[in-house]
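Student: Have a look at this one.
The values are calculated or read from the model by the stated rules, or taken from the named source; none is laboratory data. Only a predicted model underlies this, so the values are computations on that prediction, with no experimental measurement involved. Cβ placement follows ideal geometry from the backbone for every residue including glycine, while neighbour counts extend to all protein chains displayed.
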Amino acid sequence: MNKLLIPKSPRNLKPENDLVIIIGAGASVPMGIPAMKGFTKEFEKHCDYVLSKDNAKELIKYNLRYLKKVANLDRYWDLEELLLRVRELKNAENSSITKLYRKFSFRGNSMPKDKFDQKISSMAEEYSELEGELLRFIREKCIRPDIEKGMKIYSNLLKLSKNFNLRIFTTNYDPIIENVCDKLNISYADGFMPKGNTGYFTWTPQSLNSEKLNLFKLHGSITWYKDSSNGRIIKFPIDISDRKDVQSVIIYPTEYKELFKPPFNRLYFEFSKSIFNSTNCLAIGHSFRDPYMRELLFEKIKQDGYKLTIVDPIAKSIRRQKFDNSRNVVAECMKIEDWVENNLDDYFSRIFKK
């Protein structure tokens, strides 16, 4: 790969907040991490072949099959939709629909009402177990990415932080970007600070934007947990999901209510601010399933001079389906690793030169 042409004089550079970088699931596929639909297919195989050998977990397999049948999502059946449906059923006891049905369908302390409550409670427990198995599966797939392939895709991009302030927003749950930064000894700020010698990090939003490389994980991470006793958000490098005193901190695009809670409220605020102040956005392997991100960019590309560049093998399809074939959206239909190797230099030279 040719050496990136970096102008030596700061007077030749545009302000660095002109550019927002978005990383999606497609960028992690070369590292052995499935895309959203691939995750669901592999989880189904996991349930069919692995859980079938464990009598205690066989019910999870049947609940997954039943959910897929009644959801009737066909081509939309992917990881995010699966998480959404599972969590809806897990929380069925507290849903407004369940409460309304219970109120208007039963009178007094009738036996049918008791049986209904038992059914709902049993279903919630079963789908809570399914969610736990799914989250464990996600962690197993994400926790050990192919670091060499990760270096090939990310190293040249991340090394640019030596010369520019980079703001990278990702909806990926995996820790690949962090792993590559550690391998390259590149400091980054992700909103977490070490808690003494405990080995874990605590959510400290004041630390965001404190490094030349700033990483914002908009949908959370497999390494993020919520302490049930005090609500504190922590980052821990090893899997502690089996502990009953912590909850996983990952969301899916349609989980709007979570956007108003820490840490997501601050992360999405940073994204909104960055898009508002930018004139260019580079999206690598992102399909824009997240409606908030999509709508924000859809409005932004209406401005004259704004450029959204999408790098993905199906970039033209994404431009057509999500952005109405806007002239301000550039579709780079290439394998991500090929684009990074052959086009990243030229892209940054264009963006950061006047």
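Student: Look through LEU296, LEU208, LEU282, LEU215 and report the one residue that is closer than 26 Å to MET36 by Cβ and either more than 20 Å from the chain's Cα centre (by Cα) or in contact (Cβ under 8 Å) with a residue 60 or more places away in the chain (or both). Reasoning before the result, please.
Tutor: Numbers: LEU296 fails: either more than 20 Å from the chain's Cα centre (by Cα) or in contact (Cβ under 8 Å) with a residue 60 or more places away in the chain (or both); LEU208 fails: closer than 26 Å to MET36 by Cβ; LEU215 fails: either more than 20 Å from the chain's Cα centre (by Cα) or in contact (Cβ under 8 Å) with a residue 60 or more places away in the chain (or both).
Only one candidate qualifies: LEU282.
Student: Among the residues that make up the range 291-309, is at least one of them buried (at least 16 other Cβ atoms within 10 Å of the Cβ) and either closer than 25 Å to ILE143 by Cα or of a type in the set (Gly, Ala, Ser) (or both)?
Tutor: no
Student: Quick one: which helices (runs of 4 or more DSSP H) lie wholly within the range 106-210 and hold at least 1 residues that are surrounded by 20 or more Cβ atoms within 10 Å (Cβ to Cβ) and not assigned by TED's automatic domain parsing to the domain that holds THR223?
Tutor: Details: elements: 111-142, 147-159, 176-184.
So the answer is 111-142.
Student: Sticking with this structure for a sec: Could you tell me which residue of the range 212-268 is nearest to ILE21 (Cα to Cα), considering only residues that are surrounded by fewer than 19 Cβ atoms within 10 Å (Cβ to Cβ) and basic (Lys, Arg)?
Tutor: LYS212
Student: Still on this structure: Could you run through the range 23-80 and say how many residues are over 20 Å from the mean Cα position of the chain (by Cα) and within 25 Å of SER122 (Cβ to Cβ)?
Tutor: Total meeting the criteria: 28.
Student: Which one of these does ILE143 not meet: (1) touching a Pro at 6+ places or on another chain (Cβ under 8 Å); (2) farther than 23 Å from ARG243 by Cβ?
Tutor: That leaves (2) as the condition not met.
Student: For the range 310-350, enumerate the residues that are in contact with a helix residue (DSSP H, G or I) (Cβ under 7 Å, 6 or more places away or on another chain) and under 18 Å from LEU157 (Cβ atoms).
Tutor: ILE310, VAL311, ASP312, GLU332, ILE336, GLU337, VAL340, LEU344, PHE348
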